Amino acid sequence: MANGQLDMTTVEAALKDFQDPETGRSALQLDQIRDIQLSGTQLSLTLGLTTWSAPIWQDTETRLKQQLQAMFPQLTDVKVDRVIQDRAPHPLGEIGVRVKSVIAVGSGKGGVGKSTMSASIAVGLKRAGAKVGLMDADVYGPSIPHLFGVSERPQVVDNKIQPVEVEGMPLMSMGFMVPPGEAVVWRGPMLHGAITQFLRDTRWGDLDYLIIDMPPGTGDIALTLSQLLPLTGAVVVCTPQEVALLDAVKAIAMFRKVNITVLGMVENMSGFLCPDCGKRYDIFGRGGARDKAMELEVPFLGEVPINMSIRELGDAGKTTASFDDPALAPVFDAVCHRLVSNLANSAAVAPPLPQLPVL
Ligand SMILES: Nc1ncnc2c1ncn2[C@@H]1O[C@H](COP(=O)(O)OP(=O)(O)OP(=O)(O)O)[C@@H](O)[C@H]1O
Ligand SMILES: [Mg+2]
């Protein structure tokens with residue numbers, strides 16, 4: 001490459017292959033890198049990034065600066081003015097939800113922390129700056145409303161369901177449709193119909209991510225979902241003990257069978273740090289999920305320790321508050337960061353074809 005002479009032509013040539021993290025396409029050609037100004041050995045430019053890539057904005061900016069410094073060692077200053085440059089999502093699937101990435105959070109086993117993890121991933125992405133919706137597809141035991149302390153029923157406006165919002169994030173749950181404490185028996189076709197209606201008739205708005213909290217085990221909801229709209233993939237939550245890992249392996253096999261990409265595994269309840277003595281107790285063992293992920297060739301997204309406030313905040317309907325806890329926020333942020341980095345890496349390897357304008 002241009003290494004050496006520093007002028008507009010060589011700088012533009014050096015930037016040509018820098019990829020927009022969301023699309024994997026040339027940021028320069030998409031006009032997301034612009035206003036390039038060179039004054040002696042000082043360079044400044046504007047970098048426009050979409051809200052989809054919010055969790056990796058800093059990384060992207062750093063990578064751009066490093067690339068320029070590596071190619072032009074004589075640069076004494078690289079100033080990047082980062083701005084949001086959004087691109088609206090296209091309607092997905094036959095039901096036309098306007099979303100860029102749909103991520104299901106599942107497990108093979110109940111009670112391992114799927115709902116906690118879906119809620120935390122959603123809040124983490126939202127707080128980073130992305131547009132996020134959260135859907136509770138656990139028709140048998142919906143817990144998202146409880147985790148966020150919401151009990152109001154969604155309103156219907158102009159034949160569309162107005163989702164309940166938490167911190168500006170639309171939430172929908174089968175739990176909103178069923179009186180608390182009542183059991184629901186859903187049969188296959190009814191379930192399919194309910195989920196379809198649920199997704200299609202909700203006014204989600206434009207989303208970067210739709211996070212779906214899956215019921216434990218069975219694949220029928222995953223199958224229904226993947227027939228309705230293209231799923232970006234699934235995150236599998238597990239705990240470190242051997243029996244739970246076997247269930248996680250089954251969950252991964254199940255997702256693969258219905259052609260849903262496994263985006264990664266999260267090990268939840270991974271060790272307990274005693275608040276009194278500071279000693280770490282690996283109650284369910286540790287590291288099993290990381291090893292299993294390697295063996296199965298799925299990305300490992302992180303470890304979330306057993307932490308009393310996760311349970312307490314969840315029970316109190318204050319899940320968002322875990323992001324105000326300096327011990328917890330970095331743990332969940334790391335999961336969101338790895339998830340989005342991996343998605344961006346996939347886009348970089350296989351950029352989607354340019355979308356045709358909607359006529
Ligand atoms: N890392 C953690 N530390 C402490 N408690 C946790 C942790 N993760 C989850 N919990 C608690 O464990 C319980 C089960 O979690 P959660 O409801 O998220 O699991 P689930 O997999 O969605 O369960 P189900 O299969 O019933 O849908 C909740 O009380 C939750 O607060
Ligand atoms: Mg759950």
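Here are the numbers for the structure shown:
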read-out: Filter result for S151 (within 13 Å of ligand 2 (Cβ to nearest atom) and either farther than 30 Å from E22 by Cα or without any contact (Cβ under 8 Å) to a residue 40 or more places away in the chain (or both)); value: no
read-out: Residue in segment 71-89 that is within 12 Å of ligand 2 (Cβ to nearest atom) and among the β-branched types (V, I, T) present; value: no
read-out: Among the candidates D35, D31, residue that is among the charged types (D, E, K, R), modelled with pLDDT of 95 or more, assigned to a loop (DSSP other than H, G, I, E, B) and on the phi > 0 side of the Ramachandran plot; value: D31
read-out: Single match in G96, G181, G108, G113 (criterion: within 16 Å of ligand 2 (Cβ to nearest atom) and modelled with pLDDT under 90); value: G108
read-out: Subset tally (residues that are in contact with a helix residue (DSSP H, G or I) (Cβ under 7 Å, 6 or more places away or on another chain) and within 16 Å of ligand 2 (Cβ to nearest atom)) for segment 116-134; value: 6
read-out: Extreme residue, nearest to A248 (Cα to Cα), among residues of segment 90-110 that are away from ligand 1 (no atom under 16 Å from the Cβ) and assigned to a strand (DSSP E or B); value: V102
read-out: Selection within segment 5-33 - of a type outside the set (A, V, I, L, M) and either within 18 Å of N345 (Cβ to Cβ) or buried (at least 20 other Cβ atoms within 10 Å of the Cβ) (or both); value: D17, F18, Q19, D20, P21, E22, T23, G24, R25, S26, Q32
read-out: Answer residue from segment 286-316, given it is farther than 24 Å from V262 by Cα and buried (at least 20 other Cβ atoms within 10 Å of the Cβ) and is farthest from ligand 1 (Cβ to nearest atom) among those; value: L313
read-out: Single match in G124, G113 (criterion: touching a residue at least 12 places away in the same chain (Cβ under 8 Å), surrounded by 21 or more Cβ atoms within 10 Å (Cβ to Cβ) and either away from ligand 1 (no atom under 16 Å from the Cβ) or on the phi > 0 side of the Ramachandran plot (or both)); value: G113
read-out: Residues within segment 259-285 that are free of Cβ contacts under 8 Å to residues at least 40 places away in the same chain and within 15 Å of ligand 1 (Cβ to nearest atom), tallied; value: 11
read-out: Filter pass, V105 being surrounded by fewer than 18 Cβ atoms within 10 Å (Cβ to Cβ), hydrophobic (A, V, I, L, M, F, W, C) and touching a helix residue (DSSP H, G or I) at 6+ places or on another chain (Cβ under 6 Å); value: no
read-out: Residue within segment 92-105 that is touching a residue at least 12 places away in the same chain (Cβ under 8 Å), polar (S, T, N, Q) and within 20 Å of L231 (Cβ to Cβ) present; value: yes
read-out: Some residue of segment 73-88 being crowded, with 22+ Cβ neighbours inside 10 Å and away from ligand 1 (no atom under 16 Å from the Cβ); value: no
read-out: Elements of type strands (runs of 3 or more DSSP E) contained in segment 129-236, each with 2 or more residues being away from ligand 1 (no atom under 16 Å from the Cβ) and in contact with a strand residue (DSSP E or B) (Cβ under 6 Å, 6 or more places away or on another chain); value: 132-136, 160-162, 169-173, 207-213
read-out: Meets criteria (over 28 Å from W204 (Cβ atoms), out of contact with any Lys or Arg (no Cβ under 8 Å at 6 or more places or on another chain), at pLDDT 95 or above and away from ligand 1 (no atom under 16 Å from the Cβ)) for L47; value: no
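The values are calculated or read from the model by the stated rules, or taken from the named source; none is laboratory data. All values reported here derive from a predicted model rather than from experimental measurement. As a convention, Cβ positions derive from the backbone with ideal geometry for all residues, glycine included, and neighbour counts pool all protein chains shown.
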